[in-house]
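Participant: Structure in structure tokens, see below.
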Amino acid sequence: MKDPYKVLGVSQTATDEEIKDAYRALAKKYHPDQYADSPLAELADEKMKEINEAYDSIVAMRKQNKQTNNSYGGYQNTYGGYGYGNQNNYGGYNTASGYQDVRSFINAGRIADADQILNGVPAESRDAEWYFLKGSVLYRRGWLEEAKEHFFRATQMDPENPEYRNAYNQSMHQRSGYRGGYNPNMSVGTGCNSCDLCQGLICADCCCECMGGDLISCC
Amino acid sequence: MFGYVRPLKGELKVNEYDEYKAVYCTLCKAISKNYGRLQSFFLSFDLTFYVLLSLNEGFKEENKCANHGKCIFNPLKKCTYIFEKEDIYKKAAALTVIMSYGKLKDNLFDEKGAKKIAYKLLKSLCSKAYKKAAEDFPFIDEAINKMLQSQAEAEKNNMHLDACCEPTANMLREICMDLASDDMNKTVLGTIAYFLGRWIYTMDAADDLEDDLKNKSFNPLIKKFSLENSETIPEEKRSFIENECNAALNGNISMMLPALNLLNNGRYSGIINNIISLGLPEMQREIIFLHVTKKQRKKEDKKEKH
């Protein structure tokens, strides 16, 4: 087994708090939510297991040490443990689905098969679910723009359906720049430039002078 | 290629910046050494990123031997060259040569008049280097040719944006998957490269939209925004188009970042992270919102290059 401290990227002398922070940061990085519908899910899951194991073993080791040292009380295990809970599962929602076969193909990762069936549906009988599933197929292929269009169409045809809405919202969220990229409306902390600095100093000088003191003697 | 894939310099550590420059200069030298000095003019930031990815993959140990030497282009400037893994640099050099030759062929097809003659001349000057590179790495040549072919097909059929991105994305995926040390890394590198390819193509389309409208050249965004009958971007639509292009680019970055988390922690992880999570968004800001033109960028780059 790998050195659990190395897995978490902390030194052996790190405090419990530091270890917890490192664990949390890594757990966020590999969190399965990011990898739903992705071919990388398996690898992310492995990493997640690795850091879970590492964290558990460090906690166990330290607990043992503390018991033998008999200095502190028992260590409180406060971490919640992350793992796979809610992977997107196509088919769970809609029992009356007309596309059960397509959903099971998508779940099994057989995207080409799912696409073939969907393409066989004549244009006039394509309903909201068809657009949602087609969008899912496109999304898994990486065709993000088309996927978004299809999810949008599905939400328009059936605004009440939470499954379609979720998919569309996720697409929009990815495009917003909050998950990486650039958002023109997000204020960037630019700090202060030299102009701000001078202004601040002059202001401070004025304030000082009001109170009878002086900050910048020449003005 | 296009020079869109570069780090955000201000956020690099000083040693990372030096390392980036050294890789850049070493690639330049490798191109010149293997395929002739003329080819070094095609040196790009994008291919530097490719070298970083491949060096990051296999080699954790630090056993590089840096040497200082004269810059090929500017005798007054000193460059740092790293002598290691020459095969990787050679591969990147070949990729540079083959890609730029492909782009030349493409330009030759598009242009008319005096420019066409200039491109023809340049193409004949480059053909020897191209042949050598294609011989050295036939799989790269094959991948690029496949890309050019399917690109031309997609453009001929006036396909939508996603389909037009596909050739570039697939080509990059194929070439980068070749760098992986095992199967798992193949998926990770493949995912990053695929969405990077999509990002690059979309960025290029957004960057060229104005020119393409004027020259009536193909651009997938013309169809997307129904601009078939206009010669410039209509003012009332401009901000919508900018935001849509930016959103499409963001979508690709949001797919790259999770894959980036799974990339092996290697020597250049810091720089690679910087490029994808900061460098690409910065390009979006500069090109889409600040309208920094290609000419201005070239000028800026010249100050840095050579």
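Taken together, the values in this text are just the output of simple stated rules run on the coordinates, not laboratory data. Values in this document were obtained by computation on a predicted structure and should not be read as measured data. Using ideal geometry, Cβ is built from the backbone for each residue, glycine included, and neighbour counts are taken over all protein chains shown.
Participant: Can you find a residue in the range B:234-247 that is surrounded by 23 or more Cβ atoms within 10 Å (Cβ to Cβ), without any contact (Cβ under 8 Å) to a residue 60 or more places away in the chain, under 19 Å from the mean Cα position of the chain (by Cα) and within 13 Å of chain A (Cβ to nearest Cβ)?
Facilitator: Yes: one or more hits.
Participant: Applying the selection to the range B:30-43, what residues are under 12 Å from the mean Cα position of the chain (by Cα) and either surrounded by fewer than 24 Cβ atoms within 10 Å (Cβ to Cβ) or within 18 Å of residue B:269 (Cβ to Cβ) (or both)?
Facilitator: Once the filter is applied, which keeps residues that are under 12 Å from the mean Cα position of the chain (by Cα) and either surrounded by fewer than 24 Cβ atoms within 10 Å (Cβ to Cβ) or within 18 Å of residue B:269 (Cβ to Cβ) (or both), the range B:30-43 yields only B:42.
Participant: Got a number for residues in the range B:251-306 being in a helix (DSSP H, G or I) and either at the interface with chain A (Cβ under 10 Å from one of its Cβ atoms) or among the small types (Gly, Ala, Ser) (or both)?
Facilitator: Residues meeting the conditions: 26.
Condition check ((1) touching a strand residue (DSSP E or B) at 6+ places or on another chain (Cβ under 6 Å); (2) within 30 Å of residue B:290 (Cβ to Cβ); (3) away from chain B (no Cβ under 13 Å)) across all residues:
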residue	(1), (2), (3)
A:140	no, no, no
A:147	no, yes, no
A:156	no, no, yes
A:160	no, no, yes
A:172	no, yes, no
A:179	no, yes, no
A:182	no, yes, no
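Participant: Moving on to the next point. What number goes with the only condition from (1) farther than 16 Å from residue B:195 by Cβ; (2) free of Cβ contacts under 8 Å to residues at least 60 places away in the same chain that residue B:258 does not pass?
Facilitator: Exception for residue B:258: condition (1).
Participant: Does residue B:159 fit the bill of being within 21 Å of residue B:52 (Cβ to Cβ) and either in a helix (DSSP H, G or I) or in contact (Cβ under 8 Å) with a residue 24 or more places away in the chain (or both)?
Facilitator: Criteria not met by residue B:159.
Participant: Here are some residues: B:187, B:202, B:168. Which one is under 20 Å from the mean Cα position of the chain (by Cα), among the hydroxyl-bearing types (Ser, Thr, Tyr) and within 9 Å of another protein chain (Cβ to nearest Cβ)?
Facilitator: Going through B:187, B:202, B:168 in turn, just one is under 20 Å from the mean Cα position of the chain (by Cα), among the hydroxyl-bearing types (Ser, Thr, Tyr) and within 9 Å of another protein chain (Cβ to nearest Cβ): B:202.
Participant: Additional query: Does residue B:225 satisfy the condition of being out of contact with any Asp or Glu (no Cβ under 8 Å at 6 or more places or on another chain), among the aromatic types (Phe, Trp, Tyr), free of Cβ contacts under 8 Å to residues at least 24 places away in the same chain and within 14 Å of chain A (Cβ to nearest Cβ)?
Facilitator: no
Participant: Considering only residues that are within 19 Å of residue B:145 (Cβ to Cβ) and aliphatic (A, V, I, L, M), which ones fall in the range B:103-121?
Facilitator: B:104, B:108
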